[in-house]
6 protein chains.
Amino acid sequence: MRPSGRAPDQMRVITIQPNYTVHAEGSCLIGFGDTKVLVTASIEEKTPPWLRGKGQGWVTAEYGMLPRATHTRGSREAAKGKQSGRTQEIQRLIGRSLRAVVDLPALGERQITLDCDVIQADGGTRTASISGAWVALRLAVDRLIADGKLTADPIREKVAAISCGIYEGAPVLDLDYIEDSNAHADANFVLIGDGKIAEVQATAEGATYDEEALLRLLRLARIGCAEIFATQDKATGR
Amino acid sequence: MRPSGRAPDQMRVITIQPNYTVHAEGSCLIGFGDTKVLVTASIEEKTPPWLRGKGQGWVTAEYGMLPRATHTRGSREAAKGKQSGRTQEIQRLIGRSLRAVVDLPALGERQITLDCDVIQADGGTRTASISGAWVALRLAVDRLIADGKLTADPIREKVAAISCGIYEGAPVLDLDYIEDSNAHADANFVLIGDGKIAEVQATAEGATYDEEALLRLLRLARIGCAEIFATQDKATGR
Amino acid sequence: MRPSGRAPDQMRVITIQPNYTVHAEGSCLIGFGDTKVLVTASIEEKTPPWLRGKGQGWVTAEYGMLPRATHTRGSREAAKGKQSGRTQEIQRLIGRSLRAVVDLPALGERQITLDCDVIQADGGTRTASISGAWVALRLAVDRLIADGKLTADPIREKVAAISCGIYEGAPVLDLDYIEDSNAHADANFVLIGDGKIAEVQATAEGATYDEEALLRLLRLARIGCAEIFATQDKATGR
Amino acid sequence: MRPSGRAPDQMRVITIQPNYTVHAEGSCLIGFGDTKVLVTASIEEKTPPWLRGKGQGWVTAEYGMLPRATHTRGSREAAKGKQSGRTQEIQRLIGRSLRAVVDLPALGERQITLDCDVIQADGGTRTASISGAWVALRLAVDRLIADGKLTADPIREKVAAISCGIYEGAPVLDLDYIEDSNAHADANFVLIGDGKIAEVQATAEGATYDEEALLRLLRLARIGCAEIFATQDKATGR
Amino acid sequence: MRPSGRAPDQMRVITIQPNYTVHAEGSCLIGFGDTKVLVTASIEEKTPPWLRGKGQGWVTAEYGMLPRATHTRGSREAAKGKQSGRTQEIQRLIGRSLRAVVDLPALGERQITLDCDVIQADGGTRTASISGAWVALRLAVDRLIADGKLTADPIREKVAAISCGIYEGAPVLDLDYIEDSNAHADANFVLIGDGKIAEVQATAEGATYDEEALLRLLRLARIGCAEIFATQDKATGR
Amino acid sequence: MRPSGRAPDQMRVITIQPNYTVHAEGSCLIGFGDTKVLVTASIEEKTPPWLRGKGQGWVTAEYGMLPRATHTRGSREAAKGKQSGRTQEIQRLIGRSLRAVVDLPALGERQITLDCDVIQADGGTRTASISGAWVALRLAVDRLIADGKLTADPIREKVAAISCGIYEGAPVLDLDYIEDSNAHADANFVLIGDGKIAEVQATAEGATYDEEALLRLLRLARIGCAEIFATQDKATGR
């Protein structure tokens, strides 16, 4: 029995409010239940120094959590003077996941930065960030196309992410904070619209797991991502 | 003529959504037109080291701006590894303004931290932060009273803040970004519910100003703060 | 009764030793009683990157306090690895105050940096810094004119600053450390030679204040700045 | 055809020199071909502050790369003043992998730190680090047992790690630098002596992958870890 | 011929103004020609954590240079966020030199910090700092004795320092900036009142040197330190 | 009697393994008894910004100690976010010592960086670093000559370094850790192949020393460096 009363393969309510802010080229507020992440896509008409003149664009991400997004207040990374290892690991994952579906040469010599800021946290902030980042990116690229700055669409596919885990011995989909804190294994899957996989990160916590468990978690992830893909479509008017 | 078409003494629409987040003891989303600030109040049942055992509480604030709260993306302070001078100046002002209306010994040996994070910026983020921080603080203290942790109310008064300036030669109330960027003088007033003043910061930009101008700006600020006080009352159920 | 025995509108002894150091283009040691600040003006024949090619110069300031300038030793900011919020707030104020009287295009594409280092502190270090910085700037610009690098004088006016406050219920001029630590309101005024105002920062400490008090403090500031202006004139040979 | 001429399921030569340094409680120099990592285990008879008094021990890891471990010199992290996101990600992975096989309460209130320093790099530094860290940990725990400080063995199982990837369309085992730089998918597997899995991190690079590919990589990893387990046994005299 | 016209064994004018600041327990402004260093001694009635309860005191030093102490402005270390290697090397040398003449157990469980801040630089700032630090320390310890906090004098001897070098082929005493920039060898000697040596740092610059040269420089240093010892005596009333 | 049983003028066993790593242009593992330092020389075909276009090359050094090189684990400088004063002092000394024997204009506009990483420490790490750095530099320059990038040899002489000290009243050569921790004076000598001196750093620890002692230590250093020079010759095939 899950604390929330959900079925093992039941997602929390997924919500995506597109164009949430006025300044960003693309943005959304994505909710996985009580987890709320504000994602903005910012286009800059130049690439980072190490890519200059290579005839391709770049997509990168930054991640942050507001100090009181969590049950008890965490310290502000800007005040501490550095980003935690966890923050850096997450923002590297987000950027990599998005680049998996973007044709960088087709993007042209520009950079799109996805800022994922967690307004409220209840588990799954990195997977909500990836799923929302795709929407913000999609909207920003749509604008580049509408403005005539791009003629071909550099986004090859949709990308979404979800966490699954072994909770009280059973594989469950879309862990909330209570489940996440007590799961024996915790896996994040980044899946592509065509059924392929962009990333699997499956970690034992307390108990190790076997190949069968890995495959059952992957199957749950497919269920969850199908739902996210549908919500992404609606949010981006597809 | 103001770019927004407002009258010289006309505020933007002020909105306050109380209890905006689920974890914080007090919170609100405050809007001054397109400026949106999320404020949370976090109670910790101990004071900072330098106050331990002094029989009083503390109220402090931190301020941040999401990288794409602005027209063009700014760099993330956590990634740069330090808070700008501007950020530190603003968070010191917010904390000081709130402490001006709190009886710290009556608060008991606890600390309340007001986190003010700018979701979207269009001028006046520091005054919106102060005005919203009062609401989050009020809600957090109400909870302490409701929980029986406080018997007397340590908040003596309301506090609100507004910016005024000399724009194209005329004193105007509640500067938006375009006005702020072009004003010849820019003043932030922190006013108390009883008509007293907690802070005046009036800065010449390009042209210096005289005593008469200072007083006219103060009078505009009184008009603006009256409106904010009313909105604060509604948001906190008073 | 003030701890020093001074009358409410009585300044401490103001001293300015011009050309205090041999290397700087302009310099002075300014004393407001026991508060001693060494100010140097350094001319660099280029502007900061964000101003390049804009046909104007820049004036900026840095502020520091020697570790044992105060009653008990403070930690060295260079050793701690960062400047405090207070330091940054003060150096921003100094720079802004000086720029209020300089015609930046007339200065040409060069930068003048005012370094204000507090040798000994007894209250009023930021106002002494501003008042001394004007002298160092004046001397440095005089040298540019003497060297034929400038034909027109880019300094439009004198600028001076003084603190006033409500101490034991009475408005007093030029707070020393004991008064500053116990004042109910603390205001710093940056005034211009022509009677105009460059900056007002008036902060309630413990008790809030009203409009009448603000005006009385401003009147005291005018008395103090008149005396500083006269001392500046003598120090710069005017 | 692999650049090294190896068969798809062929490892590089694995070497482990136990007790490589004189001061550490456990240590080894592990080589995966030209990749050489020096690992030391340091025992401290206290736990980190957040674990004090909880009746359990802790195992953690730090990772570093000598500036010229690589083809071209990289900058020294100590000189830059911070560890890269990559470094932090790797050291978190190493610590987590080792903790997956340690009974922390049985370790007692002590901390063991595994320092993994890459002397020479040719791909696979994180998997060599994990595999070598187990040896250093084993040797350090053996010493605790020999010294009578532990009566029961807190290490439940062996742990080893290996990278696999899709190179020129074919799944291959134990990527060297050239393969790693050109692989279409890159997966790190952390496996347990009993056949279970501690961690899977499988990342698409350029091309996404499917479930079948994931399973084929896992099977290769089992081949590689079997060889590492045997080498670990020899190095630790089992 | 030396640029200043001095004889090879001729010092610049040495000046020491004792009790230069009002707050420090001991202080002086020391001048070696145009080099001016303000030194303060601050007594703290506790030792650093690693010395607690060891029944001895500690003497340490910090060193800084005002940004415009030099011919062209250097950047402020507090603003850059770290002390240079040169600064750290110098402050370690100053602390070590002073500790060479202090009986630390006799000092009791207290720490004395010598802050050496260079107001104006013309070569020899580290040797002026050491020589002035002894005066500030002496005055601070005299106060401890006068206050009855110490009964026995923990200072065993005087200490002074001077630089010598090979300039245009000839050994010369007390290098100024021009000589220092062009010397073929540069040596700093820290000598004790009884004729013993606390530290020699002799560095080849461009040309290496031989044993005979080292001894000739040491002999010059003895001449210079004799003069400094006499000036120290006068400044401390001995 | 020395703890190791060595005669006063007896070195530990000196070993140098040239070409210890595969990527660096020059490298060696140098051992002074249990002290082991890995040194690599990295050639970059450009000079640091402040030397650009000056028609000369540069030689610089960086130094680090693995956390468990020592008896008890030290914290990792990369994790602490800064290099200690000791580290900076040592790396400045290494660079300076090597530059003393290199004709920088003859090196051409390239930089050679010597990375000295202490694998295991038992006293004398800085002198082993200098002695090993010369070997790595020699091998790297030999390669430049072999590749036809240099026609004349820019290395004028050999350089080696050794520590000596007064231990239990007697001058001894090549201090190990136990001696170093208890020596009354500790001197590092950097000597040149032709008998000249590049650097002397002789520090009193506890007891000051006299001129005679300094000379006796220098004589011991000559004995030690002769042995190092011979080992360097063998390692570099001379």
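Only the coordinates and a few stated rules stand behind these numbers; no lab work does. Values in this document were obtained by computation on a predicted structure and should not be read as measured data. A quick note on method: Cβ atoms are made from the backbone with ideal geometry, for glycine too, and the neighbour counts reach across all protein chains shown.
Worth a mention:
- Residue order for F:D103, E:D34, fewest other beta carbons within 10 angstrom first, comes to F:D103, E:D34.
- Share of pairwise Cα-Cα distances greater than 16 Å in the stretch C:34-82 is 60 percent (whole percent).
- Coarse-grained scattering of the stretch F:123-184 at q = 0.12, 0.28, 0.29 Å⁻¹, given as base-10 log I(q)/I(0) from a Debye sum over alpha-carbon atoms: -0.45, -1.07, -1.11
- Point-to-point label distance, A:E168-F:A226, nm (Cα→Cβ direction, 7 Å offset): 8.3
- For chain E, the C-alpha radius of gyration sits at 1.00 times the compact-globule guess of 2.2 N^0.38 Å, with N the residue count.
- Note on the stretch D:9-58: dipole from Cβ charges, positive end direction compared against D:V39, D:Y20, D:W50; the farthest Cα belongs to D:W50.
- Radius 9 Å from Cβ of B:I119, net charge of other residues (Lys, Arg +1; Asp, Glu -1): -1
- Computed over the stretch F:143-238, the convex hull of the alpha-carbon atoms projects to a mean area of 7.3 nm².
- Each of D:L104, F:L217 was scored by other Cβ atoms within 10 Å of its Cβ. Arranged with the fewest first, they read D:L104, F:L217.
- For B:58-71, mean number of other protein chain Cβ atoms within 10 Å: 5
- Rg of the Cα atoms in the stretch E:1-78, relative to 2.2 N^0.38 Å, amounts to 1.54.
- Distance distribution note for the stretch C:189-233: the fraction of Cα pairs above 16 angstrom is 41%.
- The fewest-to-most ranking of D:K196, C:K80 by surrounding Cβ atoms within 10 Å reads C:K80, D:K196.
- The stretch F:152-191 residues near the modelled D:V22 label - backbone nitrogen below 14 Å, point 7 Å along Cα→Cβ: F:175-180
- log10 of Debye I(q)/I(0), alpha-carbon scatterers only, for the stretch C:70-168 at 0.14, 0.25 Å⁻¹: -0.64, -1.37
- In chain D, the longest principal axis of the Cα atoms and the axis of helix D:125-146 are about 20 degrees apart.
- Simple label model, 7 Å out from Cα along Cβ direction - A:R216 to B:S4, nm: 5.7
- Between the beta carbons of A:E44 and A:A106, assuming R0 = 22 Å, the FRET efficiency works out to 0.80 to the nearest 0.05.
- For the protein assembly as shown, alpha-carbon Rg relative to the globular expectation (2.2 N^0.38 Å, N residues): 0.99
- Global geometry of the stretch E:78-118, whether rounded, prolate or oblate, following the gyration tensor of its Cα atoms and the 1.5 cut on a/c: prolate
- Per-residue mean of C-beta atoms belonging to partner chains within 10 Å, peptide B:38-45: 3
- Pairs of Lys in chain D closer than 16 Å at Cα, counting only those 8 or more apart or on different chains: 4
- Backbone N atoms of the stretch A:151-192 closer than 12 Å to the 7 Å Cα→Cβ label point of A:H71 belong to residues A:177-182.
- Computed across the stretch A:16-126, the Kirkwood radius stands at 15.0 Å (inverse of mean 1/r, all Cα pairs).
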